[in-house]
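Quick notes on the structure that follows.
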Amino acid sequence: MSQSVPQPPYAGTRPPRPADVPAFTDGIARGWAPVEVPVPLPAGAAAAAAAHRRRLAARTGARTVVAGAGRAPVRSNDTAYDFRADSDFVWLTGCAVEDAVLVLRAGGGPDGDHEATLFVPPPARPGDPGFFSDAAHGELWVGASPDPAAWSRALGIAVRPLSALDEALSGAAGAWATPGTDPGLVRRHGLHGEPRLAAELSGLRMVKDDWEIEQLRHAVDHTVDGFAAVVAEIPAAVARGGERWLQGTFDRHARTVGNGPGYATIVGSGPHAPTLHWVRCDGPVLPDEPLLLDMGVETRSLYTADITRTVPPGGRFTETQRQVHDLVEAAHRAGMARVGPGRRYSDFHFAAMEVIARGLHDWGLLPVSVDEALSPAGQQHRRYLVCGIGHHLGLDVHDCASADYEAYQGATLETGMVLTVEPGLYFHAHDLTVPPELRGIGIRLEDDLLVTGEGSDVLSSALPIAARELETWVAGLTGRPHSIM
């Protein structure tokens, strides 16, 4: 005869919701010591944001502007991706608070200038039902966070609870809203997602101030260190970890020294290297094939670097690999030489493309003349370099993307702009227009440049560029032999 198993108390009944049990809610509200919560604001961010708001106000005039920080998108069911605040919001406030909204009201300041008020979701602390029940803001779920008063002291502007936002926007119909502002808020208050505002913000963000340049220097320096950490792990990746081991190495570094990677880290070995955005990183690291590394650290102020090097995992490029690398290097140096104040933005693009086209022609890979290929009606060389040669860099890896053509590609470079130069050659393994020895080779070089009064400053110059220098660098970090030719 089987022996019955004792049941725990209340087995078979429905578990109560803690929020419905007074004994629980009364008890959990008491017995908590106050917690000092530092405001997560990088040094200098508040002053820089105040200057940015003044620059925007000078452009928008007597218009109220609303800018939302955004919300982390859902990853699956009730889990979300990590939150990253909208870049326009960060540029105007200096902070990154999920669901926060900035209202920049024309004529509301003490001298008739623009008045800035930030609306933030207040933390759910002991005594608030959300303390234990709100998975987004409750401190038992997400930890302690600053209250509106702390944010106000840190930012030097009025900061109010998010619950007061609807009242503050009553009568604000027609105000301009940034693209990152919650569409529901825009509809509810009759705000206007004015394309001119997005374009103005992109235009203003193109020229970095001294504080922003300092943030980008930090991002680049951290990224250079990250490249060294990744290259040092190549032997382990070849032995067992593959591309994903190197991707994880850089991402861990980026999260340790900054906010994380500024974009999905690209690690492409051998036939994966020609794929422009190879972020799957699910292949092996082949010791005798070029390894393309496109990586950038995003600082805690959310400014990012964007650097690419292609290295020989085994310590040496083959003769063919070096031939491709040398052509890309020549194009890279030609492009960087065209970066300077007063030059057209497109100059470095055309300079690099001419070198690529001439090299491909010399190799017999162009079905037409160099002049025909470079003409607007040609572009045959672009089969092996379909992407552009660079872009603005800042809070976004492809910064200032809402600017129109005349303000971006059709404009002249100015002191304080930061941009990338990144030519490459991408010969896919299944491309029958190239000889077998070239198939599966992808080479890219990318540096971050600051436009100065005299020309440019290559912020990422600490990394080698030439093939021989790269071989020596890899050998020094991995212990592998390098070329002595």
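The values are calculated or read from the model by the stated rules, or taken from the named source; none is laboratory data. Treat the numbers as computed from the prediction; the structure is a model and nothing was measured. When we count neighbours, we look across all protein chains shown, and the Cβ atoms used for this are built from the backbone with ideal geometry, even at glycine. Each accessible area value is taken on the protein alone, full model and side chains, heavy atoms only, with ligands, DNA and RNA left out. Shrake-Rupley method; radii C 1.70, N 1.55, O 1.52, S 1.80 Å.
Taking all protein chains together and a probe of 1.4 Å, list ILE443, ILE28 from the most accessible to the least accessible.
Order by accessible area, largest first: ILE28, ILE443.
Would you give the gap between the C-alpha center of the stretch 123-180 and the C-alpha center of the stretch 241-295, rounded to a whole Å?
Rounded to whole Å, the Cα centres lie 37 Å apart.
Can you compute 3J(HN,Hα) from phi for each residue in the stretch 86-92, using the Karplus curve 6.51 cos²θ - 1.76 cosθ + 1.60 with θ = phi - 60°, rounded to whole Hz and x for Gly and Pro?
For the stretch 86-92, the Karplus-derived couplings read 4, 5, 4, 4, 4, 4, 8 Hz, x marking Gly and Pro.
Given R₀ = 30 Å, FRET efficiency for VAL458-ARG382 by Cβ-Cβ distance, to 0.05?
According to the calculation, E is roughly 0.70.
What spacing in nm lies between the two simple spin-label points modelled at ARG196 and SER369, each 7 Å away from Cα in the Cβ direction?
Reported label-point gap for ARG196 and SER369 is 4.7 nm.
Taking the Cβ of THR117 as the centre, find all other residues whose Cβ is under 9 Å away and add up their charges (Lys, Arg: +1; Asp, Glu: -1).
Once positives and negatives cancel, what remains is +1.
Fully extended, how many nm does the chain gain between ALA136 and ASP26 (0.36 nm per residue separation, minus their Cα-Cα distance)?
Gain in length upon complete extension: 37.4 nm.
In terms of modelled amide H atoms, which long-range or inter-chain residues lie less than 5 Å from the amide H of ALA80?
Long-range HN contacts for ALA80: ARG75.
Relative contact order, percent, of the chain when contacts are C-alpha pairs under 8 Å separated by at least 6 residues?
Relative contact order of the chain: 13 percent.
What is the extension gain from ALA72 to ALA264, computed as 0.36 nm multiplied by their sequence separation minus the C-alpha to C-alpha distance, in nm to one decimal?
67.5 nm
If you plug each phi of the stretch 65-76 into the Karplus form 6.51 cos²θ - 1.76 cosθ + 1.60 with θ = phi - 60°, what whole-Hz ³J(HN,Hα) values come out, in order, with x for Gly and Pro?
Whole-Hz 3J(HN,Hα) from phi for the stretch 65-76: 10, 10, 10, x, 7, x, 9, 4, x, 5, 8, 6.
Collect residues whose amide H, placed 1.01 Å from N in the peptide plane, falls under 5 Å from the amide H of VAL421; neighbours closer than 5 in sequence don't count.
Those lying under 5 Å, H to H, from VAL421 are ASP447, LEU449.
How many angstrom lie between the Cα centre of the stretch 56-87 and the Cα centre of the stretch 323-401?
With the stretch 56-87 and the stretch 323-401 each reduced to a Cα centre, they are spaced 35 Å.
For the pair TYR405 and ARG188, what calculated FRET efficiency results from E = 1/(1 + (r/R0)^6), where r is the Cβ-Cβ distance and R0 = 60 Å, to the nearest 0.05?
0.95
Tell me, what ³J(HN,Hα) does each residue in the stretch 142-148 have, in order and in whole Hz, if you take phi through Karplus 6.51 cos²θ - 1.76 cosθ + 1.60 with θ = phi - 60° and put x for Gly and Pro?
Each residue of the stretch 142-148 in turn: 10, x, 6, 9, x, 8, x Hz.
Between 0 and 90 degrees, rounded to the nearest ten: what's the tilt of helix 347-362 against the longest Cα principal axis of the chain?
40
What number, rounded to the nearest 500 deg cm²/dmol, is the helix-based mean residue ellipticity at 222 nm of the chain, given -39500 (n - 2.57) per DSSP H run of at least four residues and division by all its residues?
-10000 deg cm²/dmol
Assuming R0 = 35 Å, can you tell me the calculated FRET efficiency for the pair THR433 and ARG343, based on Cβ-Cβ distance, to the nearest 0.05?
In this case the efficiency is close to 0.55.
Taking Cα atoms, how many degrees apart are the long axis of helix 467-478 and the longest axis of the chain, rounded to 10 and kept between 0 and 90?
50
Please tell me the relative contact order of the stretch 4-88 in percent, rounded to the nearest whole number, where contacts are Cα pairs under 8 Å and at least six residues apart.
Here the relative contact order equals 13 percent.
Once you have the Cα-Cα distance between VAL279 and ALA158, take 0.36 nm times their residue separation minus that, and quote the gain in nm to one decimal.
Fully extending the segment from VAL279 to ALA158 adds 39.4 nm.
Packing-wise, with mean Cβ within 10 Å as the measure, how do 5-14, 235-244 rank, highest first?
Ranked from most to least packed, the peptides come out as 235-244, 5-14.
TYR303: accessible area at probe 1.4 Å, nearest 10 Å²?
10
Would you list THR415, THR452 from the most to the least accessible area, probe 1.4 Å?
THR415, THR452
Along Cα→Cβ, 7 Å out, is where each label goes; now give me the distance between the ones at PHE83 and ASP326 in nm to one decimal.
5.4
Under 5 Å between amide H atoms, partner at least 5 residues away or on a different chain: which partners does HIS192 have, H built in plane at 1.01 Å?
Distant-sequence amide H within range of HIS192: GLY174, ALA175, TRP176, ALA177.
Evaluate the distance, in nm, between pseudo-label points positioned 7 Å from the Cα of ASP147 and of ALA173 along their respective Cα→Cβ axes.
That separation, rounded to one decimal, is 3.7 nm.
Compute the helix-to-body angle for 45-60: its Cα long axis versus the longest principal axis of the chain, expressed 0 to 90° and rounded to tens.
80
Leaving ligands, DNA and RNA out of it, report the carbon-plus-sulfur percent of the accessible area of the chain at a 1.4 Å probe.
53
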